[in-house]
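Engineer: Right, I'll just put the structure down here and ask away after.
The values are calculated or read from the model by the stated rules, or taken from the named source; none is laboratory data. All of these numbers come straight from a predicted model, not from anything done at the bench. Methodologically, a virtual Cβ is constructed for each residue, glycine included, from the backbone with ideal geometry; neighbour enumeration extends over all protein chains shown.
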Amino acid sequence: MNSRSRQDVKVMNRSDLTKRLVAQLHKDEAVIGGIGHTNWDLWASGQRLQNFYMLGSMGLAAPIALGVAIAQPHRRVFALEGDGSILMELGALGTIAALSPKNLTVVIFDNGVYQITGSQPTLTSHCTDLVAIAKGCGLTDSYWAKDESHFDQLIQASLASTVPMFIVARTDNQPPAGVTERDTSKIRSRFMQGIASNKDANQHTY
Amino acid sequence: MSTEIQQLNAVESWEQIVLRVLKMNEIKLITYVPDKVLASLIKLLHADDYFTVICPAREEEAVGIVTGAYLGGQRGIVLMQTSGFATLPNALASLAVPYQIPLLMMISERGTLGDFQLGQAIVCRTMRPVLECLGIEHFAITRLDDVEFVVDRMIKQAYATQAPAAMILSPLLTSKANQKK
C-alpha cells in the first residue's frame, strides 16, 4: 500500500506540523518531546500539562512514551523525535513492535541534519529510510507523510488505531519557534499532574 | 541427611526473595537485558502473571521505559549486568537524576571475585565511581539473609526520596551459595 519513499514527499515545517498535531488532541493525550528542537517546538506550540520535555537522554523519547503507554493503556501517547535521535535507538522500534501497544504513536521529524549542532548531515540525508527501517522492525503501520493534509489524516488515524503507528514527516531547516524552559522538576511534576499519576503508586507511606 | 536437604529446600533462594519483595512493593514492570546470573530470576518473573516483563534491545531503552511508566503511575525496575550498567551514564545523568526519577536498578556484579574475562573485569571497575559521582544510592548484597531487608529498604528509600537506586548482586550472594561445600 505504501511504497512511498523519502524522495517522494513534501518538505514541511516542524513547528507547523507540531501545532497541527496538538490541535487534534482533545483527550489529554500524552506527548513526549525528544531532545533538541523537537521539544522546543512542542513547548512553543503551547505548554500543555500532558507534554513532557526531554532535555537530554538522546533517543529515549519513544521508550519513555512506551513506558507511559504501558502504565496508562487507556491514554493515547505520542513520542516526537528527530531523525538523529531515533537513529541512536533503532532497537526501540523492535521493542514497540514486539509489545504492540494499542495507544502509542511515534512521530519523526526528519530534516536530515543534526540541526541544533550546526546542521551536520544525518544518515537519512544519505540513504537511510526510517519508514523502511520501522517496517523491518515489525511496525507494519509506518508511513511517510506526503504533505500537511496527509499528516493530519495520519494523526487522525493514529488516534483510533489499535496498533502502534510510526509516522515520518520530512521537515525543513527553519529554527524552532521557541525554547523550552529547562526546569526538570517542574517538567516532571506538571506532566505527572497532567496525566493524573502523582496520586497513584508513588507516595506510599510505611 | 534427608532432613538437612528438606531444610535446605525450605529456605527461599535469593531469586524467590527478590520476587516476593518486588511484589510487596508493587513493582509490576520488569525490564531487563539478559545476564546469566540473573537468568533464574528472569525465568521466575516471566512465569508469574503479576509482572509485565520486557526485554528491550539496550539498557538505556529499559531506563526510558521504566521512567515513562513511573511518570504514568506504574512502578518498574531495570535488571542488568555490570557491562550493561556501563552503557547508562548519559541516560542516568540527563534523565533519571535531574528529573528525580526513582529508577530502580538491579545489577549483577560481573568482573570480580574470579571472573575470567578481562573485559568484564575492567568494566566492573567503572561501576561504583559512576554511581558515586552521580550521587546514586547503591549497595552490594552479599548475604542471603540481607536480601529482603536491603531490597525492600532501597526500594522504599528510592520512592520516598525521588531518587534512583542501584542494588548490586555480589558473587558472594549469587555464586558462593551455589558452590559445593
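Engineer: Out of segment A:107-140, which residues are assigned to a helix (DSSP H, G or I) and among the small types (G, A, S)?
Structural biologist: A:S125, A:A132, A:A134, A:G136
Engineer: Go over the candidates A:A65, A:A160 one by one and state the one that is over 29 Å from B:L103 (Cα atoms) and modelled with pLDDT of 95 or more.
Structural biologist: None of the others qualify; the one that does is A:A160.
Engineer: Report yes if some residue within segment A:140-148 is surrounded by fewer than 24 Cβ atoms within 10 Å (Cβ to Cβ), touching a Lys or Arg at 6+ places or on another chain (Cβ under 9 Å) and among the basic types (K, R); otherwise report no.
Structural biologist: Yes, segment A:140-148 has at least one match.
Engineer: Among (1) out of contact with any Phe, Trp or Tyr (no Cβ under 9 Å at 6 or more places or on another chain); (2) buried (at least 21 other Cβ atoms within 10 Å of the Cβ), where does A:Q24 come up short?
Structural biologist: Exception for A:Q24: condition (2).
Engineer: Could you check segment B:38-146 for helices (runs of 4 or more DSSP H) lying wholly inside it with 1 or more residues that are closer than 23 Å to A:S185 by Cβ, touching a strand residue (DSSP E or B) at 6+ places or on another chain (Cβ under 8 Å) and within 14 Å of another protein chain (Cβ to nearest Cβ)?
Structural biologist: It comes to B:59-71.
Engineer: Could you please give the count of residues in segment A:31-71 that are more than 17 Å from A:G84 (Cα to Cα), touching a Lys or Arg at 6+ places or on another chain (Cβ under 6 Å) and within 14 Å of another protein chain (Cβ to nearest Cβ)?
Structural biologist: Looking only at that region, the number is 1.
Engineer: Hey, does segment B:30-47 have a residue that's of a type in the set (F, W, Y) and either surrounded by fewer than 23 Cβ atoms within 10 Å (Cβ to Cβ) or at pLDDT below 95 (or both)?
Structural biologist: no
Engineer: Among the listed residues A:R14, A:R76, A:R4, identify the single one that is away from chain B (no Cβ under 14 Å), among the basic types (K, R) and surrounded by 18 or more Cβ atoms within 10 Å (Cβ to Cβ).
Structural biologist: A:R14
Engineer: Run B:K23 past the list (1) surrounded by fewer than 18 Cβ atoms within 10 Å (Cβ to Cβ); (2) in contact with a helix residue (DSSP H, G or I) (Cβ under 9 Å, 6 or more places away or on another chain); (3) within 14 Å of chain A (Cβ to nearest Cβ) and report the number of the one that doesn't hold.
Structural biologist: (2)
Engineer: Given the residues B:I101, B:I141, which is the only one that is surrounded by 22 or more Cβ atoms within 10 Å (Cβ to Cβ), under 27 Å from B:L44 (Cα atoms) and under 14 Å from the mean Cα position of the chain (by Cα)?
Structural biologist: B:I141
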